C-alpha cells in the first residue's frame, strides 16, 4: 500500500486538508483509506449501546456489524499504543492510505499550515516532510510550498511522491 501523511500542529488545517484529499483521490477513481491519530481519550461508541456495554464489561475487541458498515474496536487495557505499522496492517488493501497526525513517524508527509501560528513549521527540522501546504507566505524552505486551498495540486504532488499516477 502507498502511504502518505498529513501532519501539523493543532488547528493547522489537517482534517480539512485530509477531507479534501480523500474526495479528490476518490473523484480520480482511487480507493483511499485513512488512519487518524488522536492525542486524547477518544471514544467512537455511545454509552448505553450494546457494543459499549460489551467493551465496558471487559471485551478486548468488539466488532460491530450492520448492512452498511462494520467497525472493530480494540481496547488496549493498559498495553502500549501500537506503532503506525501495526495499525496499518489492520487495513484492507487500497490504492492510498492517508495518515493524519503521527508527526514523529518516518513516513512521507505534507505539513498543513492554514495560518501563521506561534510554533515554527515542523518542516524546518523533519526530513520526512516532503512539502508544506500553507495558507500564508511561509518564507524560504528546503521543501516545496503549496497552496493549502489548491487540493488538486496537492493531490498531484502526493500522486507523484507515491507513484500513484495513472
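Could you tell me whether residue 8 is modelled with pLDDT of 90 or more and at positive phi?
yes
Would you confirm whether any residue within segment 75-93 is within 16 Å of residue 4 (Cα to Cα), touching a helix residue (DSSP H, G or I) at 6+ places or on another chain (Cβ under 9 Å) and buried (at least 16 other Cβ atoms within 10 Å of the Cβ)?
no
Quick check on segment 93-102. Is at least one of its residues under 26 Å from residue 39 (Cβ atoms) and free of Cβ contacts under 8 Å to residues at least 60 places away in the same chain?
No, every residue in segment 93-102 fails to be under 26 Å from residue 39 (Cβ atoms) and free of Cβ contacts under 8 Å to residues at least 60 places away in the same chain.
Looking at segment 1-114, what helices (runs of 4 or more DSSP H) fall wholly within it and have at least 2 residues that are within 13 Å of the chain's Cα centre (by Cα)?
14-27, 84-88
Please list, ordered by first then second residue, the pairs with beta carbon atoms under 7 Å, 6 or more apart or interchain, first in segment 25-49 and on the phi < 0 side of the Ramachandran plot and modelled with pLDDT of 95 or more, second part of a strand (DSSP E or B) and loosely packed, with under 10 Cβ neighbours inside 10 Å.
Taking only residues 6 or more apart or on different chains, not a single pair turns up.
State all residues of segment 35-58 that are buried (at least 17 other Cβ atoms within 10 Å of the Cβ), touching a strand residue (DSSP E or B) at 6+ places or on another chain (Cβ under 6 Å) and under 25 Å from residue 14 (Cβ atoms); if no residue qualifies, say none.
Within segment 35-58, just 35 meets the criteria.
Would you confirm whether or not segment 79-90 contains a residue that is more than 27 Å from residue 129 (Cα to Cα) and out of contact with any strand residue (DSSP E or B) (no Cβ under 9 Å at 6 or more places or on another chain)?
yes
Of everything in segment 115-161 that's part of a helix (DSSP H, G or I) and either farther than 18 Å from residue 27 by Cβ or at pLDDT below 95 (or both), which residue is farthest from the chain's Cα centre (by Cα)?
124
Taking into account only those residues within segment 101-114 that are within 25 Å of residue 137 (Cβ to Cβ) and modelled with pLDDT of 90 or more, which is surrounded by the most Cβ atoms within 10 Å (Cβ to Cβ)?
Out of the qualifying residues, it is 111.
The values are calculated or read from the model by the stated rules, or taken from the named source; none is laboratory data. Just so you know, these numbers come straight off a predicted model, no measurement behind them. Note: ideal-geometry Cβ built from the backbone for every residue, glycine included; neighbour counts use all protein chains shown.
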